[in-house]
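Below is one structure; the comments refer to it alone.
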Amino acid sequence: MLGKRELVPIMVGGMGVDISTSSLALEVARLGGVGHISDAMIHTVCDRRYDTSYVKEKLKKYKENADNRDKSPVKFDLGKLAEATRLHIGKAMDAKKGPGLVFVNCMEKLTMNAPKETLAVRLKSALDAGIEGITLAAGLHLASFSLIEDHPRFRDAFLGIIVSSLRALQLFIRKTARNRRLPDYVVVEGPLAGGHLGFGMDWAKYDLATIVAEIKAWLSAEKLDIPLIPAGGIFTGGDAAAFLENGARAVQVATRFTVVEEAGLPDDVKQKYFKASESNIEVNQISPTGYPMRMLTESPAIGAGIRPNCEAYGYILNGEGSCSYIEAHFRETGRNPDARRISVKEKTCLCTQMRNFNLWTCGHNTYRLKDTTRRRDDGSYQVLTAEHVFRDYQYSAGDEIALPAPA
Ligand SMILES: Cc1cc2nc3c(=O)[nH]c(=O)nc-3n(C[C@H](O)[C@H](O)[C@H](O)COP(=O)(O)O)c2cc1C
């Protein structure tokens, strides 16, 4: 139960940029669970899907700035940000059918050269567009509830947060007490998740079940009844059931859905995920957000030295118009002034690489995906459907994983 809604206790996590597509989120909602779209790089997602030209227009406006290290003049037009958010989310909500829910994943680290202003627009426009819930991600979100407390839907939409420690949750709840509103759910994300991690490079020392137990004990000591939704490494129906038996209200999963038809990764990249072995997966620090990120070691983004593309994108620019990739890139060009191509090792141009599906972020268990499907004679793996994976989580017991019917 989430509020008064009875749901299948399976939430498919947000996967930017457009890996958790609207079609994936809608299918999960049709099946009775909670699906997420993501508002990451919303303009480029709209351009690809709805024939708009937000990115081209922004680039045209700022292209004179391309050689400058200082990106502070490169601002997002808040009106267009609101329009794109309403378009993407509105289209998804119009198409929604079934007993489940569609939420949006909203990452605070997308600071967009004006952290507070852009976040306020993103959150409000999502609510305007009828989103049923917002999952606050990638950040502490200490001001997020205040940014939307005047919105008419502030108390009617589901609002939740992703945390990776009891301390992060305590900070958030202390802040939101001022808004007289608790989160409706808390996703507890452990160290085996995909995307950015809420841990340092010592992530391997932590364990999801222990963090969930700690948070559960604190909530009950405080007499707070907030549904807990563990995430990160929950690979089978049996894994999910074990968390539910220990008091979780649902689970959030993602990795198994990266290789379904409805997911946004190109087909050849889905095959890379299927073929990955454990040694092909690493956690590194190339994301300019400052959070460690898990990815396939073969990702073309690793070591790429492309020119920063902030005039077109610029989603990671901090409030001063900077991003640690710009710094790393200029350092490297300074060292190799005559080189036509350079390689930047420390950081990556996250916007461009995610936009082009060249940064293959993934969960720790990606190397097990090959065991969830059939291998064809040509060595490729059969792509699954979201319905198949969802039903497998829902009905398979123990370590069992249902294989798809041969296609
Ligand atoms: C490809 C991929 C992209 C992800 N992108 C995001 C994201 O944009 N925002 C976010 O909050 N979490 C992101 N995550 C984390 C998931 O939403 C989810 O919490 C986690 O991966 C669940 O663990 P699992 O992948 O082992 O099932 C991503 C995960 C994957 C696999």
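What follows is calculated from the coordinates using simple rules that are stated; it is not laboratory data. What you see is a predicted model, and the numbers here were worked out from it, not measured in a lab. Cβ atoms come from the backbone with ideal geometry, glycine included; neighbour counts cover every protein chain shown.
Across all Cα pairs in segment 1-106, the calculated P(r) in 10 Å bins from zero up to the longest distance comes to 15, 38, 26, 14, 6, 1 percent per bin. Summarising the overall dimensions of segment 265-375 from its C-alpha atoms, the Rg and Dmax are 15.4, 50 angstrom.
Given the C-alpha atoms of segment 358-407, compute the convex hull and give its volume per residue in Å³. Don't skip to the answer; put the middle values down first.
Working: hull volume 5.6 nm³, N = 50.
Dividing the Cα hull volume of segment 358-407 by its residue count gives 112 Å³.
Given R0 = 51 Å, the distance between the Cβ atoms of ASP338 and GLN382 translates into a calculated FRET efficiency of 0.55. Scanning residues 5 or more positions from ALA304 or on other chains, those with amide H under 5 Å from its amide H are VAL344, with H placed 1.01 Å from N in the peptide plane. Electrostatic tally near SER396: other residues with Cβ closer than 13 Å to its Cβ, Lys and Arg +1, Asp and Glu -1, net -3.
Below 8 Å between Cα atoms, with a sequence gap of 6+, how large is the relative contact order for the chain in percent? Show your work: numbers first, answer last.
Working: 831 pairs, mean separation 78.8, N = 407.
Once divided by the residue count of the chain, the mean separation gives 19 percent.
What would the Debye equation give as log₁₀ I(q)/I(0) for segment 256-307 at q = 0.16 Å⁻¹, counting only Cα atoms as equal point scatterers? One equal scatterer on each Cα of segment 256-307 leads to -0.56.
Taking 4 °C and 1.567 mPa s as conditions, segment 216-326 diffuses translationally at an estimated 73 µm²/s according to Stokes-Einstein applied to its Kirkwood radius (Cα pairs).
Computed extension length for ALA213-GLU64: 48.3 nm, one decimal, from 0.36 nm per residue of separation with the Cα-Cα distance subtracted. Calculated mean residue ellipticity, 222 nm, the chain: -10000 deg cm²/dmol, from DSSP H runs (n ≥ 4) at -39500 (n - 2.57) each, averaged per residue and rounded to 500. The calculated FRET efficiency for ARG331 paired with LYS4, based on their beta-carbon distance and R0 = 56 Å, is about 0.55.
Could you work out Rg/(2.2 N^0.38 Å) for the chain, with Rg from alpha carbons only? Provide the component values of the computation, followed by the final result.
Working: Rg = 20.5 Å, N = 407, 2.2 N^0.38 = 21.6 Å.
Computed over Cα atoms of the chain, the ratio equals 0.95.
As a footprinting exposure proxy, order ARG374, ARG155 by other Cβ within 10 Å, with the fewest listed first. Could the numbers behind the result be given before it?
Working: ARG374 14, ARG155 11.
The order, fewest Cβ neighbours first, is ARG155, ARG374.
Directionally averaged projected area (segment 32-159, Cα convex hull): 8.5 nm².
Roughly speaking, what is the stretch gain from LYS97 to ASP150, that is 0.36 nm per residue apart minus the C-alpha to C-alpha distance, in nm to one decimal? Walk me through the numbers before you get to the answer.
Values: separation 53, 0.36 × 53 = 19.08 nm, distance 2.89 nm.
Gain on stretching LYS97 to ASP150: 16.2 nm.
Taking a quarter of the surface of the Cα convex hull of segment 146-190, what do you get in nm²?
Numbers: hull surface 12.3 nm².
Here the figure is 3.1 nm², rounded to one decimal.
Modelled label positions at TYR50 and ARG375, each set 7 Å beyond Cα in the direction of Cβ, lie 4.3 nm from each other. The alpha-carbon of LYS216 sits under 23 angstrom from the alpha-carbons of these lysines, leaving out residues fewer than 8 places away in its chain: LYS4, LYS175, LYS205. Compute the Cα gyration tensor for segment 320-407, then decide on rounded, prolate or oblate, letting a ≥ b ≥ c be the square roots of its eigenvalues: rounded whenever a/c is under 1.5, prolate when a/b is larger than b/c in the other cases, and oblate in all that remain. It comes out prolate by the Cα gyration axes. Estimated at 0.36 nm per residue, the fully extended path between GLN285 and SER72 surpasses their Cα-Cα distance by 74.3 nm.
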